[in-house]
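Chemist: Okay, handing you the structure first.
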């Protein structure tokens, strides 16, 4: 039985795109993209559902972040109001967060890039959330992000190619296969570069 630390060590080594050979579910919509480049994120989901541009909901989630968390924000279909900016990013980093994933928009893009905390979002906007509370907001509950159900404590994996959110059980079941695939890839590339026939290197059926 693989423990959490063993799984984390293997996730640090694997190419996240390789996991896509062995999993079908958990891949967040490609509309939610990394706002920085050259990143690799491994953390546990801290979830918040934000209703009606409620900025206080995000602030409360920030206050409760733990070291290693990834803040995952469900904007309940609001793709107009940005809920993350320079202050939000700074606060998350100060709490020890690994990243922020927003099914929605962000702002202060230059400041976010300068801060270097990985942020994933659908895009940017000047229109932002408001300093108010809304009863439709909720903390640390199951949410949806980019079409994927997210439970508090799920693993969140992200890089320049996208975001995968899954349970430890599902990841542990395929991680060794993925690592074996990564290990085999350099030889495949070398053989292709040498000019070996495609049908001698790659499976065709």
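The values are calculated or read from the model by the stated rules, or taken from the named source; none is laboratory data. Model, not experiment: these values are computed from the prediction. Quick reminder, even Gly has a Cβ in these numbers, built from the backbone with ideal geometry, and neighbours come from all protein chains shown.
Chemist: Looking for something closer than 20 Å to residue 121 by Cα and modelled with pLDDT under 95 - is there at least one such residue anywhere in region 20-37? Reasoning before the result, please.
Modeler: Within region 20-37, the first condition is being closer than 20 Å to residue 121 by Cα, and the residues that meet it are 25-37.
The next check asks that each one be modelled with pLDDT under 95; those that pass are 36-37.
Yes; the residues of region 20-37 include at least one that is closer than 20 Å to residue 121 by Cα and modelled with pLDDT under 95.
Chemist: Another question, if that's okay. Has region 149-166 got any residue that is touching a residue at least 40 places away in the same chain (Cβ under 8 Å), within 21 Å of residue 68 (Cβ to Cβ) and over 16 Å from the mean Cα position of the chain (by Cα)?
Modeler: no
Chemist: Residue 112 passes all but one of (1) surrounded by 22 or more Cβ atoms within 10 Å (Cβ to Cβ); (2) free of Cβ contacts under 8 Å to residues at least 24 places away in the same chain; which number fails?
Modeler: Of the numbered conditions (1) surrounded by 22 or more Cβ atoms within 10 Å (Cβ to Cβ); (2) free of Cβ contacts under 8 Å to residues at least 24 places away in the same chain, the odd one out for residue 112 is (2).
Chemist: If the requirement is being touching a helix residue (DSSP H, G or I) at 6+ places or on another chain (Cβ under 6 Å), at pLDDT 95 or above, under 26 Å from residue 137 (Cα atoms) and crowded, with 16+ Cβ neighbours inside 10 Å, which of these qualifies: 86, 99?
Modeler: On the way: 99 fails: touching a helix residue (DSSP H, G or I) at 6+ places or on another chain (Cβ under 6 Å).
Answer to the selection: 86.
Chemist: Only residues that are touching a strand residue (DSSP E or B) at 6+ places or on another chain (Cβ under 8 Å) and surrounded by 15 or more Cβ atoms within 10 Å (Cβ to Cβ): list them for region 9-30, please.
Modeler: Within region 9-30, 11, 16, 19, 20, 23, 26, 27, 28 qualify.
Chemist: Another one. If I ask for residues that are assigned to a loop (DSSP other than H, G, I, E, B), over 17 Å from the mean Cα position of the chain (by Cα) and surrounded by 18 or more Cβ atoms within 10 Å (Cβ to Cβ), which ones from region 47-75 would you list? Full working, then the answer.
Modeler: To start, the set of residues in region 47-75 that are assigned to a loop (DSSP other than H, G, I, E, B) comprises 50-53, 64-68, 75.
Going one step further and asking which of them are over 17 Å from the mean Cα position of the chain (by Cα), we end up with 50-53, 64.
Across region 47-75, the qualifying residues are 50, 53.
Chemist: Counting only residues that are touching a helix residue (DSSP H, G or I) at 6+ places or on another chain (Cβ under 7 Å) and modelled with pLDDT of 95 or more, how many does region 113-130 have? It would help to see each step written out before you state the result.
Modeler: Restricting attention to region 113-130, the residues satisfying the condition of being touching a helix residue (DSSP H, G or I) at 6+ places or on another chain (Cβ under 7 Å) are 115, 117, 119, 124, 129-130.
Imposing the further condition that a residue be modelled with pLDDT of 95 or more reduces the set to 117, 119, 124, 129-130.
Number of matching residues: 5.
Chemist: In addition: Residues 149, 135: which one is at pLDDT 95 or above and either closer than 23 Å to residue 12 by Cβ or in a strand (DSSP E or B) (or both)? Break it down stepwise before answering.
Modeler: On the way: 135 fails: either closer than 23 Å to residue 12 by Cβ or in a strand (DSSP E or B) (or both).
Residue meeting the stated conditions: 149.
Chemist: In region 5-13, is there at least one residue being modelled with pLDDT under 95, more than 13 Å from residue 155 (Cα to Cα), out of contact with any helix residue (DSSP H, G or I) (no Cβ under 7 Å at 6 or more places or on another chain) and not in a strand (DSSP E or B)?
Modeler: Within region 5-13, not a single residue is modelled with pLDDT under 95, more than 13 Å from residue 155 (Cα to Cα), out of contact with any helix residue (DSSP H, G or I) (no Cβ under 7 Å at 6 or more places or on another chain) and not in a strand (DSSP E or B).
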